[in-house]
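Down below is the structure, laid out as C-alpha cells.
What follows is calculated from the coordinates using simple rules that are stated; it is not laboratory data. It should be emphasised that the depicted structure is a prediction, and the values quoted were computed from it without experimental measurement. Neighbour counts are summed over all protein chains in view; Cβ atoms, including those assigned to glycine, are modelled from backbone coordinates with ideal geometry.
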Amino acid sequence: MDAADSARRAQLLASVPSYRLCIGCGACSATCSAGQFTQFNIRRIHTAFNCGQTDTLAEQLDSCMLCGKCMLVCPRGVNLRSLIIRMRQLLAN
Amino acid sequence: MKRYWNEYQKEIADDRYFYERSCIRQTFFPGSEAAFLKILREELGKDICDNPHQHTCTGIGYHSDVVPFDTTMTVVARLFSLMKECGYSNYVPSCVTSFGVFTEVMAKWAENPALKEKARQYLWEACRREFEVPDNIVHPSDIIYKFRFDLKPRMRYQLVNRFTGKPLRVVEHIGCHYAKIFPEQGIGKAEFPYVLAGMIEAWGGEVIDYPERRHCCGFGFRQYLVRENRGYSIANTKKKFESMEPYEPDFILTNCPGCNMFLDKWQYTIAEMERKTYDRDGYGIPVLTYEELTGLLLGYDPWTLGLQMHQVQAERLLDKIGIAYNPREKYAGSNGRMLNPPAKPECLLV
C-alpha cells in the first residue's frame, strides 16, 4: 500500500466529489444486477483502484450496465454511475 | 513516498473510563455490557463509571434523518456533561454507531468551533449544564484489544478446536461506523482494521481473510428501518455469507450491536426465505460479541453471558472449545425457575 500510486485516486476524487463520502459499506455491490450473474463487484473495484491495483479493472468495469440501481441504495448519496464512467476514462488513459 | 502504515495506530487511555451503554445491546445481547464492566473491574482492575443518568446518543434517529445535527450535538454535550460531573475524561461508548456519532461531533467542533459554542448554549438553555470535551474517546473493543495480552494468562480456554487441536477459524466483522467514516479513529483504519483480528490471534484462533471481509452486515439504517427497503439490507447480509461460506468459519466475532444482531438473526430469515444455511449441518454460524468471547474464554457461564438469546445457538462452538455448561440451566430465570423455551425455527436447526 505504501507503494501505491495515488495520483489516479486524486483525479477520481476531483471529478466525482461525492465519492469522498463513500464508507465502503458495499450496499452498491450487494444490490447490483450485474453482480448477481457475474463476478462484477463495484466495492472491490474501487478499493483496488484506490490501492493502485488496476491491472484487470478496465475489463471488470465493462460488466457494468450503468443501470444506476447502486445509486438508489447508496446510504451516502455517492454518484456511482459517474464514478464508474470516470474510472473507465482514467484507466483508458 | 508517504508511509501510510505509520498512521494505523491510535491512542487508547489506560484507566479511568466513563462508560456509555447502547440503546439496543441490552435487549439482544443482554450479558455483553455487564461482562465488559466485570472484565475491566475484576480482571484488569480498572476504574470505569457506569452512570445511571445516561441516555441515547440519537444515533439511530440521526442516521435516519429524523433527528437534526443540532439536537444530536446537544444530546452528546449532555452526555459529556455527565462525564464531567463524575470526574472522568476518557469516554467509552458501548455502541459503534455512538462511537461514530461522537467522533463526528468532535470532528465538526474541531473544524468549526462556533458549533461547539452553539452546543454549549443549547445545553445551558435546555438543562443548565456545562460540558468538557473528553481527552480520549475509544470504543470498548479498543480497550479489550489493548489489554488482550494481559487477559490471556487469566483465560481458562483458548480458541483451539479440542477435537482436532487446530486453531478455530474465525470471521471478524467490524462495524462500518467504527473506522469507515473517520478511518484514523480505528486501529488499522478502514480497510485493514486489526482490533478484533488482534484478539483472535492473541487468543489462539485463526482469522479468515475472505473477499467480502469489509462488506457491510446489512444494518444500514436507511436500508432496514423502512420495511419496503429491507431487501437491500438482506442483500448485503447474503452477499457476505455467500463469500465466507467456503471458508467454513467456526464463528463470527463482531464489535457492533447492529452487525451482531443482523448477522445472527438474518441467518434465520435467509433460512426461511431460501432454505439455506451457511454451515454444513444446518445450524448456522454462531455470532459472538467480543465481550461474550472474552468472557467465555475467561470461564464465565455462557448463560450468564446471554448466549441463549442468540438466534444461532452456541453449544456446538462451546463443545469445540471445551467450555463447560449446564444445558438444564439454559432457560432458567434469575430466580432459578425455568422459563418457557422459545419456539424452534423450521429451517435453521437449534
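So, in nm, how far is label B:SER243 from label B:ILE12 when the simple model puts each one 7 Å beyond its Cα toward the Cβ?
For B:SER243 paired with B:ILE12, the spin-label model returns 2.5 nm.
Using r as the Cβ-Cβ distance of B:THR71 and B:LEU115, and R0 as 22 Å, what FRET efficiency do you calculate, to the nearest 0.05?
0.95
With a 10 Å Cβ neighbour count serving as the proxy for reagent exposure, in which order, fewest first, do B:PHE36, B:PHE28, B:PHE69 appear?
The most exposed by this proxy come first: B:PHE69, B:PHE28, B:PHE36.
Roughly how many nanometres apart are two label points built 7 Å out from the Cα toward the Cβ at B:ALA202 and B:LYS108?
Calculated label separation equals 3.4 nm.
Projected onto the charge dipole of chain B (+1 at Lys/Arg Cβ, -1 at Asp/Glu Cβ, origin at the Cα centre), which of B:TRP266, B:ASN255, B:SER22 gives the Cα projection farthest towards the positive end?
Result: B:TRP266, furthest along the dipole toward the positive end.
Over the whole of B:220-229, what's the average partner chain Cβ count within 10 Å per residue? Rounded to a whole number, please.
Per residue, the number of nearby Cβ atoms from other chains is 2 on average.
From the Cα gyration tensor of the range B:14-140, with a ≥ b ≥ c the square roots of its eigenvalues, which class applies: rounded if a/c is under 1.5, or else prolate if a/b is larger than b/c, or else oblate?
Taking the square roots of the gyration eigenvalues as a ≥ b ≥ c, the range B:14-140 is prolate.
Please report the antiparallel percentage of DSSP beta bridges with both residues in chain B, rounded to the nearest 5.
The antiparallel fraction comes to roughly 10 percent.
Counting only C-alpha contacts under 8 Å and six or more residues apart, can you give the relative contact order of the range B:14-140 as a whole percent?
Relative contact order for the range B:14-140 comes out at 32 percent.
Quick check: from the Cα gyration tensor, does the range B:141-329 come out rounded (a/c under 1.5), prolate or oblate?
Judged from the Cα gyration tensor, the range B:141-329 comes out oblate (a/c at least 1.5, b/c at or above a/b).
If I histogram all Cα-Cα distances within the protein assembly as shown using bins 20 Å wide from 0, what percent of pairs lands in each bin?
24, 56, 19, 0
Nearest 5 is fine: what % of DSSP beta bridges in the protein assembly as shown come out antiparallel, could you say?
Just about 10 percent of them are antiparallel.
Whose amide H sits under 5 Å from the amide H of B:ALA332, counting only residues 5 or more places off or on another chain, with H placed in the peptide plane?
B:LEU339
List the lysines whose Cα sits under 28 Å from the Cα of B:LYS38, skipping any in the same chain fewer than 8 residues away.
Answer for B:LYS38, where 28 Å is the Cα cut-off: B:LYS10, B:LYS46, B:LYS84, B:LYS146, B:LYS152, B:LYS265, B:LYS320, B:LYS330, listed by chain and number.
Please tell me the relative contact order of chain B in percent, rounded to the nearest whole number, where contacts are Cα pairs under 8 Å and at least six residues apart.
18 percent
At 25 °C and 0.890 mPa s, grab the translational diffusion coefficient of chain A from Stokes-Einstein with a Kirkwood Rh over Cα pairs, rounded to a whole number in µm² per second.
It diffuses with D of about 186 µm²/s by this estimate.
Find, among the chymotrypsin sites (Phe, Trp or Tyr not before Pro) in the range B:156-223, those assigned to loop by DSSP (not H, G, I, E, B) with at most 15 other beta-carbon atoms within 10 angstrom.
The qualifying sites are B:PHE163.
Where a ≥ b ≥ c are the square roots of the eigenvalues of the C-alpha gyration tensor, would you call chain B rounded, which needs a/c under 1.5, or, failing that, prolate if a/b is larger than b/c, or oblate?
Note, shape of chain B comes out prolate.
List the cysteines of chain B that have no other Cys Cβ closer than 4.7 Å: which are they?
Cysteines lacking a close Cβ partner in chain B: B:CYS23, B:CYS49, B:CYS57, B:CYS86, B:CYS95, B:CYS127, B:CYS176, B:CYS347.
Sketch the reach of a paramagnetic label on A:ALA14 as a point 7 Å from Cα along Cα-to-Cβ, and name the residues of the range A:58-81 whose backbone nitrogen lies under 20 Å away.
A:79
Mind jotting down the distance between the C-alpha centroids of the range B:294-349 and the range B:87-137, whole Å?
So the two Cα centres are separated by 38 Å.
Going by how many other Cβ atoms sit within 10 Å of their own, how do B:TRP266, B:TRP303 line up, fewest first?
B:TRP303, B:TRP266
Please give the contour-minus-distance gain from B:ASP135 to B:ASP150: 0.36 nm per residue of separation, less the Cα-Cα distance, rounded to one decimal in nm.
Working it through step by step, the gained length comes to 3.0 nm.
How large is ³J(HN,Hα) for each residue in the range B:33-45, as worked out from phi by the Karplus curve 6.51 cos²θ - 1.76 cosθ + 1.60 (θ = phi - 60°), to whole Hz, x for Gly and Pro?
Per-residue couplings from phi come out as 5, 4, 5, 4, 4, 5, 4, 5, 6, 8, 8, 9, x Hz.
Antiparallel DSSP bridges in the range B:141-329: what percent, to the nearest 5?
DSSP beta bridges in the range B:141-329 are roughly 10 percent antiparallel.
What list do you get for B:HIS53, B:HIS215, B:HIS177 if you sort them by fewest beta carbons within 10 Å?
B:HIS53, B:HIS215, B:HIS177
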